[in-house]
Amino acid sequence: MTLDLEAVYTDLHRHPELSYAEHRTAGIVADHLTALGLEVRTGVGRTGVVGVLANGDGPTVLLRADMDALPVQEETGLPYASTARGTDPDGNDVPVMHACGHDVHVTCLLGAVDALVADRASWSGTVVAVFQPAEEVGTGAQAMVDDDLFEHAPRPDVVLGQHVSPLPAGVIGVRPGPFFAGADAVTVRLFGRGGHGSRPETTVDPVVLAASVIMRLQTVVSREIAATETAVVTVGTVHAGTKENIIPGEATLGLSMRSYSAATRERLLGSVRRIVAGEAAAAGAPAEPTVTVGYSFPALVNDASATDRTAAAFRASFGDQGVTDPGLVTGSEDVGTLATAAGVPLVFWLLGSEDPQRFAAALAAGTLDSEIPSNHSPRFAPQLHPTLEHGVEALVVAAREWLG
Ligand code: ZN
Ligand code: ZN
């Protein structure tokens, strides 16, 4: 391999970019892919990059990495910690950090392409390396599909990808079937009639209405979803009012919903709409409330037989202890959009990145949740070695399993 993984990683980590602003990252990716002799297309879905490595007859494998970072102030104290700032979609100046580890994904995919180029005499087929923008906002994969991803690049036989996680470094977490939750961001606007805080009888108080809605929403998962299903409804934001003696005219709630099947998602959304409408009617609201779905991630579902096949290849390379079933993940990912659009199986896995000794100590002490920073934490800090080498190896092993 010609690539210095640590140098590529620390450079990307120092220079994180928000969703659809991955211009520098995309430039670095395109330069590397071009130098490796791939056919490169840039600006796919705004800032995405696609490299095609054609190596004779055989299957086509799509390898995917996402590139964007998050509006988080890094608190790792690492020598290569980010001090970058960016502009969020509302125009605010915000700190930026690779708190989800997408810099690991980019580095490992570049390393895997490098390794596959170096080793091209021993395999045949086509590798499509997809560097996707805007995973964090849930629209990047769809943006690439809408920008004719599969009209320009060969249609794959399988979509493969990985996400760095707080599992121990050297361990791969993978499971067939539903894996990551579908996620919906829902905004609820409740309308009342404002007035003086001393004369509630002249008003319809949207703060009390919001309180009723919030409490009633707690019954959706507990009373309407089977105990064997997994779902979450969280009210993450509540906004109303400007002053304690003014009853406001309106209240706005921000909800996050998670589910693992389309049927459960529909059930959750239907319940939210029904409860919001019912509570507004009970309050005598002067206008119908609105329920709008913002970003929406489909549930990530790994193809069962393709996952079994790939996991067997992982076990053969990394041993039985190197592969684990981590159970359902309540986080979300839009990689499934690529597989669905291509009409082919998806195999997506977690790449362990935590110091194995620290992980084992926290596990023994029962403090995994408090001691081990997870993705999106300002303290999320993947252990670079062996995580980077292992991530390259995992992509190569998986790709080689499917290539000729
Ligand atoms: Zn993330
Ligand atoms: Zn992520």
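Some values worked out for this structure:
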| quantity | calculated |
| --- | --- |
| Cβ pairs under 9 Å, 6+ apart, first in segment 223-245 and basic (Lys, Arg), second at pLDDT 95 or above | Lys243/Gly197 |
| Selected residue (criterion: farthest from Ile247 (Cα to Cα)) from residues of segment 184-233 that are open to solvent by 60 Å² or more (accessible area, probe 1.4 Å) and hydrophobic (A, V, I, L, M, F, W, C) | Ala227 |
| Conditions (1) more than 16 Å from ligand 2 (Cβ to nearest atom); (2) closer than 21 Å to Leu18 by Cα; (3) of a type outside the set (D, E, K, R): number failed by Ala134 | (1) |
| Condition met for Ala287 (of a type in the set (A, V, I, L, M, F, W, C), farther than 22 Å from Ala134 by Cβ, out of contact with any helix residue (DSSP H, G or I) (no Cβ under 7 Å at 6 or more places or on another chain) and not in a helix (DSSP H, G or I)) | yes |
| For Leu351: the one exception among (1) open to solvent by 20 Å² or more (accessible area, probe 1.4 Å); (2) out of contact with any Phe, Trp or Tyr (no Cβ under 7 Å at 6 or more places or on another chain); (3) not in a loop (DSSP other than H, G, I, E, B) | (1) |
| Lone unmet requirement of (1) within 16 Å of ligand 1 (Cβ to nearest atom); (2) of a type outside the set (Phe, Trp, Tyr); (3) crowded, with 22+ Cβ neighbours inside 10 Å for Val44 | (1) |
| Options Glu135, Glu151; residue that is among the charged types (D, E, K, R), open to solvent by less than 10 Å² (accessible area, probe 1.4 Å) and at pLDDT 95 or above | Glu135 |
| Cβ-Cβ under 8 Å pairs, at least 6 apart or on other chains, segment 111-139 side closer than 30 Å to Leu70 by Cα, far side open to solvent by 10 Å² or more (accessible area, probe 1.4 Å) and among the basic types (Lys, Arg) | Pro133/Arg46; Ala134/Arg46 |
| Condition met for Gly197 (of a type outside the set (Phe, Trp, Tyr), within 24 Å of the chain's Cα centre (by Cα) and not assigned by TED's automatic domain parsing to the domain that holds Arg309) | no |
| Residue match in segment 220-243 (condition: within 23 Å of Leu346 (Cβ to Cβ) and of a type in the set (Asp, Glu)) | yes |
| Search result, residues across segment 117-131 that are on the phi < 0 side of the Ramachandran plot and either more than 16 Å from ligand 2 (Cβ to nearest atom) or surrounded by fewer than 18 Cβ atoms within 10 Å (Cβ to Cβ) (or both) | Val117, Ala118, Asp119, Arg120, Ala121, Ser122, Trp123, Ser124, Thr126, Val127, Val128, Ala129 |
| Candidate set: segment 234-252, residues that are among the β-branched types (Val, Ile, Thr) and touching a strand residue (DSSP E or B) at 6+ places or on another chain (Cβ under 8 Å); chosen: the one surrounded by the fewest Cβ atoms within 10 Å (Cβ to Cβ) | Thr237 |
| Those residues of segment 71-115 which are buried (at least 24 other Cβ atoms within 10 Å of the Cβ) and away from ligand 2 (no atom under 16 Å from the Cβ), in sequence order | Leu110, Gly111, Ala112, Val113 |
| In segment 129-147, the residues that are more than 23 Å from Thr34 (Cα to Cα) and either out of contact with any strand residue (DSSP E or B) (no Cβ under 8 Å at 6 or more places or on another chain) or of a type in the set (Val, Ile, Thr) (or both) | Val137, Thr139, Gln142, Asp146 |
| Looking only at segment 297-332, and only at residues there that are within 16 Å of ligand 2 (Cβ to nearest atom) and touching a helix residue (DSSP H, G or I) at 6+ places or on another chain (Cβ under 9 Å), the one that is modelled with the highest pLDDT | Leu300 |
| Breaking point among (1) touching a Ser or Thr at 6+ places or on another chain (Cβ under 6 Å); (2) surrounded by 15 or more Cβ atoms within 10 Å (Cβ to Cβ); (3) assigned to a strand (DSSP E or B), for Leu255 | (1) |
| In segment 155-208, the residues that are over 30 Å from Ala262 (Cα atoms), part of a loop (DSSP other than H, G, I, E, B) and of a type in the set (A, V, I, L, M) | Ala169, Val171 |
| Residue in segment 93-105 that is touching a residue at least 12 places away in the same chain (Cβ under 8 Å), part of a strand (DSSP E or B), among the aliphatic types (A, V, I, L, M) and within 22 Å of Glu354 (Cβ to Cβ) present | yes |
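The values are calculated or read from the model by the stated rules, or taken from the named source; none is laboratory data. Everything quoted here is computed from the prediction, not taken from an experiment. Cβ: placed from backbone, ideal geometry, glycine included. Neighbour counts: every protein chain shown. Just so you know, the surface numbers come from the protein's heavy atoms only, side chains and all, with ligands and any DNA or RNA stripped out. Shrake-Rupley method; radii C 1.70, N 1.55, O 1.52, S 1.80 Å.
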